[in-house]
Amino acid sequence: MKKASMQDIADRVGVSRCAVSLVLSGKAKDKRISEALSNRIIQVAKELNYTPNELARGLRTGLTKTLGVIVADISNEFFGELVYHIQQHAFELGYSTIVTNSNEDPDEMLNGIYLLANRQVDGIIMVPTNNSQNVAKRIVSMNIPFVQVDRFIPGVDASYVILDNFKASYDLTEKIYESGYRRIAMFKHKTSALNGRLEGYIKALENHGAYRPDLVKNINYSSENEDIEQAVNDLFMEQGIADAVIFQSHELFFTGMRFFRSKGIDVHKKVRVACFDKTDALALVDFPLLYVEQPIERIGKEVVSILINRIKGTPYTIQKVFEGSIREI
């Protein structure tokens with residue numbers, strides 16, 4: 001079936017193609033086209049299931065009404081939900097999205113930027129990976145509007161939308177300490193992107209004279225299972241030198257719980273457990289758990305709005321920081 005064109009609408013109504021174009025682009029009043037004629041043109045467009053040719057419009061305006069999105073790990077439920085809200089809000093504002101995945105690799109992140117640039121996206125929303133300063137410099141040199149989300153690259157003058165990781169981690173650690181736990185461990189990915197979560201944890205414990213560097217365990221993405229198992233062995237087996245643990249992400253949490261259970265470590269009474277980010281799987285948790293919930297929908301909407309305003313010419317940098325909420329199961 002042939003796709004309806006503006007000329008088809010014009011022929012049906014008995015007006016020029018130019019008149020149809022003015023009405024469908026919202027310029028009818030400016031050109032003194034009557035409301036009755038405008039309504040007739042719009043009605044015929046609906047009857048013919050007319051859809052605008054975005055490619056042709058892009059050639060005229062220099063815009064494709066498409067946003068690129070680069071996330072660190074699309075299999076991560078947090079990023080999946082974030083992308084959902086980004087796509088929903090972009091659609092409401094008339095934009096489509098193309099999503100790519102960096103797998104926490106700066107080279108793959110750069111490849112994603114090239115791919116999106118070749119698709120002529122109007123702007124990019126990106127979750128920076130660790131060690132991606134050079135990638136940021138490259139995208140700046142390409143003159144593509146972009147906004148960082150969830151993390152930001154220090155020293156780069158660019159907009160971002162993030163969680164106040166320092167405050168969330170500080171409050172979470174303080175709540176555990178106030179519950180009577182004194183040897184609080186942290187399992188963290190070996191990345192600078194989430195340093196705020198480590199810094200908040202350290203500050204809270206330092207205020208009580210309870211910070212111990214040996215309770216912080218770095219976990220590499222490439223050897224996550226092995227590193228977490230070793231950390232569990234070091235801190236919680238036999239006598240155990242830790243009585244609580246904060247996982248910097250829910251990915252670390254679920255892997256850690258697998259080893260806690262397989263090794264018979266009591267997370268119901270003896271070990272206090274906390275993590276970041278709410279996921280549907282937390283509904284299956286059968287022991288006391290503290291977690292930080294991010295306002296993901298608000299973050300997704302904000303980052304889209306900032307990017308579109310940037311595309312439209314807003315010159316200034318916006319750095320938006322949201323607060324998380326501590327929840328308990």
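Filtered by the rule that a residue be open to solvent by 10 Å² or more (accessible area, probe 1.4 Å) and not in a loop (DSSP other than H, G, I, E, B), the stretch 169-188 gives Tyr170, Asp171, Glu174, Lys175, Tyr177, Glu178, Lys188. Taken together, Gly80, Gly58, Gly14 contain a single residue that is at pLDDT 90 or above and open to solvent by less than 60 Å² (accessible area, probe 1.4 Å), which is Gly80.
When we screen Phe166, Phe146, Phe152 for residues that are more than 30 Å from Ile329 (Cα to Cα), open to solvent by 30 Å² or more (accessible area, probe 1.4 Å), at pLDDT 85 or above and of a type in the set (Phe, Trp, Tyr), the only hit is Phe152. The condition (being surrounded by 17 or more Cβ atoms within 10 Å (Cβ to Cβ), part of a helix (DSSP H, G or I), β-branched (Val, Ile, Thr) and modelled with pLDDT of 90 or more) is satisfied by just one residue among Ile9, Ile70: Ile9.
Are there any pairs with C-beta distances below 9 angstrom linking a residue in the stretch 120-147 that is more than 14 Å from Ser102 (Cα to Cα) to a residue that is among the basic types (Lys, Arg), with the two at least 6 apart or on different chains, and if so which? Pairs that qualify, where the first residue is more than 14 Å from Ser102 (Cα to Cα) and the partner is among the basic types (Lys, Arg), are Asp122/Lys65; Gly123/Arg310; Pro145/Arg310; Phe146/Arg310; Val147/Arg310. Where the second residue is hydroxyl-bearing (Ser, Thr, Tyr) and the first is over 20 Å from Asn49 (Cβ atoms) and lies in the stretch 8-32, which pairs have Cβ atoms under 6 Å and are six or more apart or on separate chains? Correct list of pairs: Ala28/Ser38. Residue check: is Ser222 under 27 Å from Pro154 (Cα atoms), surrounded by 13 or more Cβ atoms within 10 Å (Cβ to Cβ) and hydroxyl-bearing (Ser, Thr, Tyr)? In short, no.
Scanning the stretch 193-206 for residues that are of a type in the set (S, T, N, Q), open to solvent by 10 Å² or more (accessible area, probe 1.4 Å) and over 20 Å from the mean Cα position of the chain (by Cα) turns up nothing. Taking first residues from the stretch 212-230 that are closer than 23 Å to Thr173 by Cα and partners that are part of a strand (DSSP E or B) and open to solvent by less than 50 Å² (accessible area, probe 1.4 Å), the Cβ contacts under 6 Å between residues at least 6 apart in sequence or on separate chains come to Leu215/Ala185; Val216/Met186; Lys217/Phe187; Ile219/Phe187; Ile219/His189; Asp227/Ile219; Ile228/Ile219. The one condition from (1) within 14 Å of Val273 (Cα to Cα); (2) open to solvent by 10 Å² or more (accessible area, probe 1.4 Å); (3) touching a residue at least 40 places away in the same chain (Cβ under 8 Å) that Leu252 does not meet is (2).
If you filter the stretch 260-303 down to residues that are among the polar types (S, T, N, Q) and under 16 Å from Ser249 (Cα atoms), you find that the one that is farthest from the chain's Cα centre (by Cα) is Thr279. Residues satisfying the criterion are present in the stretch 92-109 (criterion: open to solvent by 80 Å² or more (accessible area, probe 1.4 Å) and within 24 Å of Ser222 (Cα to Cα)).
Would you confirm whether any residue within the stretch 233-245 is surrounded by 13 or more Cβ atoms within 10 Å (Cβ to Cβ), within 29 Å of the chain's Cα centre (by Cα) and not aliphatic (A, V, I, L, M)? No. Filtered by the rule that a residue be of a type in the set (Phe, Trp, Tyr) and either touching a residue at least 60 places away in the same chain (Cβ under 8 Å) or under 18 Å from Leu252 (Cα atoms) (or both), the stretch 71-92 gives Phe78, Phe79, Tyr84.
Of the numbered criteria (1) crowded, with 20+ Cβ neighbours inside 10 Å; (2) aliphatic (A, V, I, L, M); (3) under 18 Å from Phe254 (Cβ atoms); (4) in contact (Cβ under 8 Å) with a residue 40 or more places away in the chain, the one Ile329 fails is (1). Restricting Ala242, Ala204 to residues that are under 17 Å from Arg272 (Cα atoms), small (Gly, Ala, Ser) and in contact with an Asp or Glu (Cβ under 7 Å, 6 or more places away or on another chain) narrows the list to Ala204.
The values are calculated or read from the model by the stated rules, or taken from the named source; none is laboratory data. Please read these numbers as outputs of a predicted model, since none were measured by experiment. Virtual Cβ from ideal backbone geometry, glycine too; neighbours counted across all protein chains shown. We work out accessible area using only protein heavy atoms, side chains counted, and drop any ligands, DNA or RNA first. Shrake-Rupley method; radii C 1.70, N 1.55, O 1.52, S 1.80 Å.
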